[in-house]
């Protein structure tokens, strides 16, 4: 560090600050330090530093998967925000299994993170106990529980499902179906199940049947599962008006199955997805969807963590939920029903 300081023309304290809290150092100074580090090939000893300061400089995150573009976007939002403040993100993934989430949380806690992010609000009792006992900042994301462990950043999946049903009802559809994950086995998509529950509740309130739900397999649902589910739907109800899929990936698979069967979308059936994946914006027809700003969830989560770590005197009532909401993006895969089918 002294060698870096000499080459950059700054004090060793400035080098230390540039490494641990880049935002606190002027940009020109930080650039000189970065150039010196690159020239000398200096690699800070984070282990030794953490023993002295009690800080490790990393934040742990446990996500269902990194294959899903939405969760990848959330991780990107967290990473980019943390990076500006000198923190690194370490990610574990669960493949939608609560027991695996428990293992990932314990593994991360053993490495002394400064905060933890977990996707969802349903955990094993042991996971909940470990998170609470850690006394670290904890942010649950992608849902809004009634009683968050610490903070929650996201939206109500149940309400998003209700909004999806109301959108299709307002278009005049009455024979409405849904595609979602099977609620059985070690892998569970509790957020997707909540969307289906909200969807069914809105249909029931409108006096419509809410029993046409196809759940082809445990999560994650992708193109193949969406196509299989659509095939089953068309066999059970050939004149189905509209379909809501709990993921854009499954919705796209359903559209491709319709194309193979020469079922026109949206002329014969409207299809609505969830997540606003780039795929849906480029598909033909473009996919109507429930839009979630996945990167914004990540950015807001990281901002909360940084603010908490900089304010050691946290109020006892700091637990709260931050609702970033959702919007319905009406595109080409849905249209108003005008015929008397």
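Residues that are touching a strand residue (DSSP E or B) at 6+ places or on another chain (Cβ under 7 Å) and surrounded by fewer than 21 Cβ atoms within 10 Å (Cβ to Cβ) within the range 201-221 comprise 208, 212, 213, 218, listed in sequence order. In the set (1) touching a helix residue (DSSP H, G or I) at 6+ places or on another chain (Cβ under 6 Å); (2) surrounded by fewer than 20 Cβ atoms within 10 Å (Cβ to Cβ), the condition left unmet by residue 145 is number (1).
Residue by residue, here is whether (1) touching a strand residue (DSSP E or B) at 6+ places or on another chain (Cβ under 8 Å); (2) closer than 24 Å to residue 157 by Cβ; (3) in a loop (DSSP other than H, G, I, E, B); (4) touching a residue at least 60 places away in the same chain (Cβ under 8 Å) holds:
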position	(1), (2), (3), (4)
228	no, yes, no, no
231	no, no, no, no
235	no, no, no, no
240	yes, yes, yes, yes
243	yes, yes, no, yes
251	yes, yes, no, yes
254	yes, yes, no, yes
265	yes, no, yes, yes
281	no, yes, no, no
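The set of residues in the range 148-175 that are in a loop (DSSP other than H, G, I, E, B) and in contact with a strand residue (DSSP E or B) (Cβ under 8 Å, 6 or more places away or on another chain) comprises 148, 149, 150, 155, 156, 171, 173, 175.
Here, each number is a calculation from the coordinates, and none is a lab measurement. Given the structure is predicted, the values throughout are model-derived calculations rather than measurements. Every residue, glycine among them, receives a Cβ derived from its backbone with ideal geometry; neighbour counts consider all protein chains shown.
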